[in-house]
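Worksheet: the structure to be examined is printed underneath.
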Amino acid sequence: MATGTVACALATGYLMQQDSPYRNPNIATKPAIVSVQPASVEQIVTTEAMTDDKVLDSVQDITLTSALPDLPAPRRLPDAPLEGVNSGHGLLDGAVLPETPQDPEVPQLGCAVTATTAPAPMASVTLSVEAPCYGNQRISVHHSGLIFTETTDEHGQLSVTIPALSKNAVFVVDFGHGKGAVAMTQVAGLDLIDRVAVQWADRAGLQIHAREFGAGYGDTGHVWADATDAGQGTFVSLGRDDTFQPQLAEVYSFPRGAAGTAGTVALSIEAEVTKANCGREISAQSLERRDGNALRTRDLTLSIPGCDAAGDFLVLNNLVEDLKIAVK
């Protein structure tokens, strides 16, 4: 109370001095009426008191409130366990991640490819293919190095007679993209057959000509693709040239064990010069099985004359040896 009274008195004296007529003679003096209300010590807080540690220590038991309603704190989800995390680069170092599940292998019912064999004359094999879901499809047939291309019919079927080149004959049919089948069989009487085959790719136009025991061109005993008269030997053409990237073969077989005449079978490889092969080098391969010996293969390279020779025939007599037939 004493401190408040002194403060009010000092303030009153200061105001009276500011309104003194000696400072402003034009202003008439008028008694000032001051109403002083006693002030408590708690209401007087000076700048000096605000910095006083004793005043700050008196501020206690303050409870802060908020205008927001009371809401439960969000629950933190647990971190996913990761092994070998490289936090410096954000990469997984040595972490073992689960593999992506693969689609189950669901077989197409009724689409299996099968191949079967049956014996045929002259130590040959009839190969039958059933592929219901691959009608009118290109197919490659492989047997002991012999390769040719064929086409299934609209029902996915193929039947072809192949002169065997080995006693334990294995035939592989391939549609590409992993689709195909394998068939095996034993071939009887193969050692009694002399067999010469020539195979090539694309439309080289090669031909095997066999002239038995001195036969001339066009005579009986001249055996080739367009022969009108049969000889003692047989001739087979394999493959279709209207397929994509065709592979073709021709095979001549002579029944040495049943020959009634001794002599020589002259063999030659010939090619008609056409616009499809003129001026090119043709790669081919011969496969020969003679006198019951093992199969022998030989790579061949043919230089076809230029296109101005179209229509002519190129005769190559020395690419395969003649057959020597002896009567036993």
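The values are calculated or read from the model by the stated rules, or taken from the named source; none is laboratory data. Please read all numbers here as calculations on a predicted model, not as lab measurements. Virtual Cβ from ideal backbone geometry, glycine too; neighbours counted across all protein chains shown. Please note that ligands, DNA and RNA were not included when accessible areas were found on the heavy atoms of the full protein model with its side chains. Shrake-Rupley method; radii C 1.70, N 1.55, O 1.52, S 1.80 Å.
What the table below lists for this structure:
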quantity: Dipole axis of the range 283-328 (+1 Lys, Arg; -1 Asp, Glu on Cβ), positive-most option in Ser286, Asn317, Leu302; calculated: Ser286
quantity: Surface/4 of the Cα convex hull for the range 228-328, nm²; calculated: 8.0 nm²
quantity: The range 183-229 and the range 105-181: distance between their alpha carbon centers, rounded to Å; calculated: 22 Å
quantity: Whole-number accessible area per residue in Å² for the range 237-285, which is evaluated in the context of all protein chains at 1.4 Å; calculated: 42 Å²
quantity: Accessible area of the range 193-317 belonging to carbon and sulfur atoms, whole % at 1.4 Å probe; calculated: 46 percent
quantity: Cβ crowding within 10 Å averaged over residues, with 159-167, 219-227 ranked highest first; calculated: 159-167, 219-227
